[in-house]
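Contents: one structure, followed by commentary.
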Amino acid sequence: MRKPENNKNEKTEEKYLNKKLKVEIGTLALAVISFLFSVIVSFTAKNAVQDIKVEFENTISNIQEQYQSLENQINTVQEQYLELENIINQQQTVDVIQARDNDVLIKTPDDKWLVIPMIEKEDISFANEIIEKQYNSGDIDLERVDMFNYNNEDWSNRDGFTYTLPFVSFNQNKMVSLYQFITKIELEFKLYHSNKVDYQSEFYELYNNELQYKYLNVFENIMPNKQFVTNEIITQNGIEDIKLTVIITFDIGENIFSIPYTFDDFIYVNEA
């Protein structure tokens, strides 16, 4: 009569075991799924971290480039500021004088600037005549120069002539301002043929900074140290047409240059 109860117990136990097995299988499946999910998450996270790392490095590189560019701009601004400051400091060492036409700025050895008015043609004046003197051949011991002796004739017995400019003067204020920069002043005599086209030049040194002079701005009795012979047969006249050019040589900041001041008018020749 107990046999049916035993069967009932067996069935109950079997159900329990089946249920337990299902639970264990479910737990194992869940563990496997969790493991796979962890692997997937880990792999994905690793890639994400790598991407973030690369992006971060790129961002840092861009920031460094921007910083370098900004630093270069700041350095440029600082250099411009220093240049401007130097210019301002230099200008503060100069009198409040604006350079005008024909004025020059000259830098002194102590790095200061001077505003110097340059010499102009209007600052140079001559006597209104040139004195001509006639000499027989052999009367004076000066080099004889044949003027326009195109055929190379023998003019040894002809008279010779000398030419003297009584004076030439310069603006005294400008000469005082510029004398330390003037190395030489020459006067060019242009002795013209009667056709007033052909001419021959003779130079006379008015001033040399290595010599001493009585006056700085006035020079007197200027005569080329020669006697000139012409081909005038009848009148035995000398040169009738003469022009003058002043040539001033400057030495400014170890730069040497010459400026010619040419006067286009013929000067009257007075036969003394």
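The values are calculated or read from the model by the stated rules, or taken from the named source; none is laboratory data. On a predicted model such as this, the values are computed, not experimentally measured, just so you know. Cβ sites come from the backbone with ideal geometry, for glycine too, and all protein chains shown count toward neighbours. Only protein heavy atoms, including side chains, enter the accessible area calculation; ligands, DNA and RNA are left aside. Shrake-Rupley method; radii C 1.70, N 1.55, O 1.52, S 1.80 Å.
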Percent accessible area from carbon and sulfur atoms, the stretch 121-271, protein chains only, probe 1.4 Å
43 percent
Could you give me the ³J(HN,Hα) list for the stretch 215-228, computed from phi with Karplus coefficients 6.51, -1.76, 1.60 and θ = phi - 60°, whole Hz, x at Gly and Pro?
10, 8, 10, 10, 10, 10, 6, 8, 9, x, 7, 8, 10, 10
Using a cut-off of 13 Å between beta-carbons, work out the net charge of the residues near TYR163 (Lys and Arg +1, Asp and Glu -1, TYR163 not included).
-3
Excluding same-chain pairs closer than 8 in sequence, count the lysine pairs in the stretch 121-271 whose Cα atoms lie under 25 Å apart.
22
